[in-house]
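A.B. asks: Please find one structure pasted underneath; my questions will follow.
The values are calculated or read from the model by the stated rules, or taken from the named source; none is laboratory data. Keep in mind that this is a model prediction, so the values were computed, not measured. Because the Cβ atoms are built from the backbone with ideal geometry, glycine has one as well, and the counts that use them run over all protein chains shown. These accessible areas exclude ligands, DNA and RNA; they are computed on the full protein's heavy atoms, side chains included. Shrake-Rupley method; radii C 1.70, N 1.55, O 1.52, S 1.80 Å.
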Amino acid sequence: MDISKLRPNRPNIIVSEIKIISYTLKSNVQEIIGELISGNYVLVEDFYNEGLKLLHQLKKYLKKEYRLNDYQQQREYRKLYRQASQKILLEVVDHQLRVKKSPSIGWLKILYPNTYDFFISFPDIQGLNSSWQWYIKGLEIKTLNLKIHPYYDVYFPTRFSHLNLFSNWIKTYSGSKEHAIDIGVGSGVISFSLIQHGFLNVLGTDTNKNAIIGTDLDSKRLEFTDNLTLKLGDLFVEDVYNKHKKFDLIVFNPPWLKTERKLINGIDQAIYYEDGLFTRFFKDAKIYLKEKGKLVLLFSNFAEITGSNQKHPINEELKNNNRFIQENLFKQQASPASKKTRRKDWRKHENTELWVLNHT
Ligand SMILES: C[S@@+](CC[C@H](N)C(=O)[O-])C[C@H]1O[C@@H](n2cnc3c(N)ncnc32)[C@H](O)[C@@H]1O
């Protein structure tokens, strides 16, 4: 697979002629909100900040219209807000935002190399801008003593309890270090840790193209390419490379929440999983794990404590199938993402889990 030929996921842009209502400092905000709710496009013309203010006003207006303690109305509100806010546009000329005092976002050139001029929604620009800040600044991963530069639309850790658990466990691992697979490589942190601990051949797979593209860039920067192969695809990615190969170690930090809806390609797949993911995973893991190999899964009781009736997929596997037995289960209390989330009570009870399984 030639990673340089992968085309990254990116927000939709508008390049065709469309009817647009201009929004300037002189516009009547209530009229503009009316246009957005009727489904018309509105172009922010003067300052970047005006787009932020318009979003704020739209939110305020819709909140007044809907009783937000009613679940149905809350859903309606969110849907309408999403739709209407996506109609607020910014113009890009020569890969730069045309409005005054706007941030400079390198993704506009990287993700749309052949399209210089276009319209893009304000919320999408906010997402690109925040991702760009992380990408250029980088994120220090203390347990690995290195910095990653997370690519657009790729999951990266903002809380570190699962990495701590993994780092503590890998120090105690004494098996063969020839072949490991990191399923759902994301921004590469587990693969990098495996290589730092002496694994010779690590295969990182992911269904998200951007994860493969971004981890490849970081792997080159950090000089891990001799030991790391990246493959786009589902779970073990059955192809010539690993058809007959078995692994000493299989690691999977899967999405933690089950959903009934169809997943969107990209970061959505880092958080949510569809029915059947774990059934397929354990079935394949039985085939791909060496006789004395270890299967390591990271998970969390997040779904359980937030009241979802989702069953714990690892417990279910151990209970219902005679494929693996538990060697160990380590738990660590998840630290809050930020001070703001600390007041949410259930955070106190959130545990990250590291499961070590062996063949039966
Ligand atoms: C919670 S993130 C973990 C990322 C990284 N390993 C870490 O620990 O920070 C889960 C990752 O699994 C990927 N993923 C989800 N379903 C997958 C599948 N069926 N096959 C391969 N990767 C998958 C997601 O795209 C995401 O990058």
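A.B. asks: Does N210 qualify as being touching a residue at least 60 places away in the same chain (Cβ under 8 Å), of a type outside the set (D, E, K, R), surrounded by fewer than 17 Cβ atoms within 10 Å (Cβ to Cβ) and touching a Lys or Arg at 6+ places or on another chain (Cβ under 9 Å)?
C.D. replies: Values: touching a residue at least 60 places away in the same chain (Cβ under 8 Å): yes; of a type outside the set (D, E, K, R): yes; surrounded by fewer than 17 Cβ atoms within 10 Å (Cβ to Cβ): no; touching a Lys or Arg at 6+ places or on another chain (Cβ under 9 Å): yes.
Taking the combined requirement at face value, the residue does not satisfy it.
A.B. asks: Next question, about the same structure. Do you know which of the residues in the stretch 265-288 that are near the ligand (Cβ under 8 Å from one of its atoms) and of a type in the set (F, W, Y) is surrounded by the fewest Cβ atoms within 10 Å (Cβ to Cβ)?
C.D. replies: Only one residue tops the list, namely Y273.
A.B. asks: Among the candidates D182, D216, D226, D153, single out the residue that is at pLDDT 95 or above, under 20 Å from L297 (Cβ atoms) and of a type in the set (D, E). Break it down stepwise before answering.
C.D. replies: Numbers: D216 fails: under 20 Å from L297 (Cβ atoms); D226 fails: under 20 Å from L297 (Cβ atoms); D153 fails: under 20 Å from L297 (Cβ atoms).
When all the criteria are applied, what remains is D182.
A.B. asks: Being under 17 Å from F119 (Cα atoms) and surrounded by 16 or more Cβ atoms within 10 Å (Cβ to Cβ) is the filter here; which residues of the stretch 22-53 pass it?
C.D. replies: If the condition is that a residue be under 17 Å from F119 (Cα atoms) and surrounded by 16 or more Cβ atoms within 10 Å (Cβ to Cβ), then Y23, L36, Y41, V42, L43, V44, E45, D46, Y48, E50, G51 are the ones that fit.
A.B. asks: Ok, one more. Kindly list the number of the only condition in (1) at pLDDT below 95; (2) near the ligand (Cβ under 9 Å from one of its atoms) that fails for K262.
C.D. replies: The number of the failed condition is (2).
A.B. asks: For Q74, indicate whether it is at pLDDT below 95 and not charged (D, E, K, R). I'd like the intermediate steps shown before the answer.
C.D. replies: Details: at pLDDT below 95: yes; not charged (D, E, K, R): yes.
Taking the combined requirement at face value, the residue satisfies it.
A.B. asks: Being modelled with pLDDT under 95, away from the ligand (no atom under 15 Å from the Cβ) and not aliphatic (A, V, I, L, M): is that true of K243 here?
C.D. replies: Values: modelled with pLDDT under 95: yes; away from the ligand (no atom under 15 Å from the Cβ): yes; not aliphatic (A, V, I, L, M): yes.
Judged against the criteria, K243 is a match.
A.B. asks: Within the stretch 65-118, track down each residue that is of a type in the set (V, I, T) and open to solvent by 40 Å² or more (accessible area, probe 1.4 Å).
C.D. replies: V93, I110, T115
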